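Undergrad: Here you go, one structure.
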Amino acid sequence: QVQFVESGGGLVQPGGSLRLSCAASGFLFSLNTVGWYRQVPGKQRELVAQITSGGSTNYEDSVKGRFIIIRDNDLNTLYLQMNSLKPEDTAVYYCNSPRLVTNRDSWGHGAQVTVSS
C-alpha cells in the first residue's frame, strides 16, 4: 500500500529557510512523477512543485525562484528546499504523486510549516 511520510516542518522566520523530506513506499517511486502539495484551513490542497521521473520540474508561480524540489531515487525520498519563506507559505505540506491523489488513503499527515516572526 502506498504511503508517504513527511517530515522537517517547523516554525521559521520570514526570509528563513526550511527543508522538507518525504519518504515514499508502496509504489515505483523512481518511475513516477511526484510532487509537493500544501493546504491551508478552509482551502483545498494545491500543487506547489513537482518533478518527473526524468528530473523535469515545475513550480507554482508564487514559489518559483524560492523553492527547489529534489528527488533521491536511491532513497525513495522527495525533498523540498524552501528559501526566502513568506508568511503566505504557512500551510501543511504533503507529498504525493499526481496518479495517486484521488486515493484518500495515500495522503500522509503532512508537515506543518509556519512562517512567522
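The values are calculated or read from the model by the stated rules, or taken from the named source; none is laboratory data. All figures in this text were calculated on a predicted structure; none of them were measured in a lab. When the accessible area is computed, the model is the full protein with side chains, heavy atoms only, and any ligands, DNA or RNA have been set aside. Shrake-Rupley method; radii C 1.70, N 1.55, O 1.52, S 1.80 Å.
Undergrad: For the chain, modelled as a GNM with alpha-carbon contacts under 10 angstrom, which of L20, L100, L85 fluctuates the most?
TA: L100
Undergrad: Would you mind telling me the share, in percent, of accessible area of the stretch 28-117 contributed by carbon and sulfur at probe 1.4 angstrom?
TA: 47
Undergrad: OK, next. Output wanted: per-residue J couplings in Hz (rounded whole) for the stretch 30-40, from phi through Karplus 6.51 cos²θ - 1.76 cosθ + 1.60, θ = phi - 60°, x for Gly and Pro.
TA: 5, 9, 10, 5, 9, x, 10, 10, 9, 9, 10
Undergrad: Rolling a 1.4 angstrom probe over the protein heavy atoms, how many square angstrom per residue are accessible across the chain?
TA: I get 55 Å² per residue for this part.
Undergrad: Taking the chain as a Gaussian network, where each spring joins two C-alpha atoms under 10 Å apart, which residue of Q81, Q13, Q44 fluctuates the most?
TA: Sorting by GNM fluctuation, first place goes to Q44.
Undergrad: Same structure again: How big is the stretch 56-117 on each of its three principal axes, counting only the C-alpha atoms and giving the largest first in Å?
TA: Extents along the principal axes: 34, 25, 22 Å.
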